Structure formats: structure tokens, C-alpha cells
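In what follows, a structure is listed as C-alpha cells, so that the remarks can point back to it.
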Amino acid sequence: MKIGIVMGSKSDWPVMEAAASTLDEFGVEYEKRVLSAHRTPSELEKWVEGARERGIAAFIAAAGGAAHLAGVVAAFTTLPVIAVPIMTKALGGLDSLLSMVQMPSGIPVATVGINGAKNAALLAVSILSVTDPTLRGALDEFRAEQARKVLESEI
Ligand code: RP5
């Protein structure tokens with residue numbers, strides 16, 4: 001199974017490459033596309049609707065400003081959708097966060113923090129780990145290593 005990463009603009013990539021590199025670290029395959037809810041709505045719909053057949057198990061959708069992308073992806077699929085609000089110059093990303101997090105009841109989107117690309121990828125790995133014991137083990141190891149680093153911190 002793989003993950004579908006989509007972002008509203010190429011300008012989101014400097015943030016979203018952390019999602020791709022985190023998936024790489026876990027050996028998780030992904031498709032990555034620039035598709036916009038506003039600028040390319042028809043192409044977005046086609047990409048999402050064919051995703052399940054292409055082996056996509058969950059989406060990570062990133063956008064900034066009037067960040068409707070993740071919600072529109074969720075409107076076209078019942079696969080899990082994780083939203084990454086991108087920090088904006090005008091409003092610091094609060095606009096993106098609020099656009100993503102307040103979904104209408106019945107069309108859920110799991111929103112991570114502003115620029116939270118890495119956590120979005122970890123959540124995606126966690127979803128895949130429900131049916132993949134290798135990924136479950138890798139996540140356990142990641143957490144243990146993280147804890148070890150905290151406990152070894154010297155100040
Ligand atoms: C959103 O508008 C994109 O996701 C991006 O975060 C923001 C600005 O896009 P550009 O004007 O840089 O293409 O759709």
C-alpha cells in the first residue's frame with residue numbers, strides 16, 4: 001500500500017519534502033502531486049477517485065491560505081485524509097489551519113499542526129501499521145530511539 005501526497009502549489013514543497021523523506025525512512029511508497037482544489041479541481045477529482053485502485057491507503061494533503069484542498073480530497077474518498085496547514089506570510093498559517101480543521105460533520109479530515117509535514121507522515125505510517133507488522137515494529141523503534149535521545153539530553 002502507498003500514500004498519496006498532494007499539495008496546492010509547488011511553493012508548498014519546501015515544507016512537504018519532510019513528509020516525503022519521513023516516508024522514505026520507513027520504506028513507505030508514495031505518489032506526490034501538485035493539484036489544487038481551486039486551480040485544477042477536475043484533475044484533483046480524477047486523481048483522488050482513481051487512488052484506491054492504484055494502491056493508495058491514505059492521503060496527506062497540504063495547502064496554505066484558503067486551504068480547502070484536504071476537505072475536497074475527503075469529499076471524493078472514504079480513505080483517511082491527513083491535512084497539513086502551510087504557514088502563510090499574511091496570517092502565519094492560522095488561516096490554513098482554520099480552513100482545514102473545521103470540517104462539516106460527516107466528512108472528517110485529521111489535521112496536524114502548521115507545517116506539520118513530518119507528523120502527517122508518521123500518522124500515515126501509523127495507519128499502514130495497523131495491517132503491517134514490519135511498520136509497527138519500525139514505529140516502535142522510532143519511538144524508543146526518540147525517547148533515548150530525550151533521556152540522553154544534557155543541559
Ligand atoms: C495554496 O495557496 C497553496 O497550497 C499554497 O500554499 C498557497 C500559495 O500558492 P502559490 O501562490 O505559491 O502558488 O493553494
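Summary of computed values
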quantity	calculated
Length-normalised contact order of the chain in % [C-alpha pairs under 8 Å, at least 6 apart]	23
Using distinct alpha-carbon pairs, which all enter the 1/r mean, Kirkwood radius of the stretch 31-155 in Å	15.8
Gap separating the Cα centres of the stretch 53-80 and the stretch 4-37, nearest whole Å	12
Å² of accessible area per residue within the chain, as computed with a 1.4 Å probe and no ligands counted	56
Against the rule of thumb 2.2 N^0.38 Å, how large the Cα Rg of the stretch 75-138 comes out	1.29
Exposure rank, largest accessible area first [F76, F26; 1.4 Å]	F76, F26
Long-range HN-HN contacts of M87 with modeled amide H, under 5 Å	N115
Orientation-averaged projected area, Cα convex hull of the stretch 2-70 (nm²)	4.3
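The values are calculated or read from the model by the stated rules, or taken from the named source; none is laboratory data. Note that the coordinates shown come from a computational prediction; the quantities given were computed from them, not determined experimentally. With ligands, DNA and RNA removed, areas are computed over all heavy atoms of the protein, side chains included. Shrake-Rupley method; radii C 1.70, N 1.55, O 1.52, S 1.80 Å.
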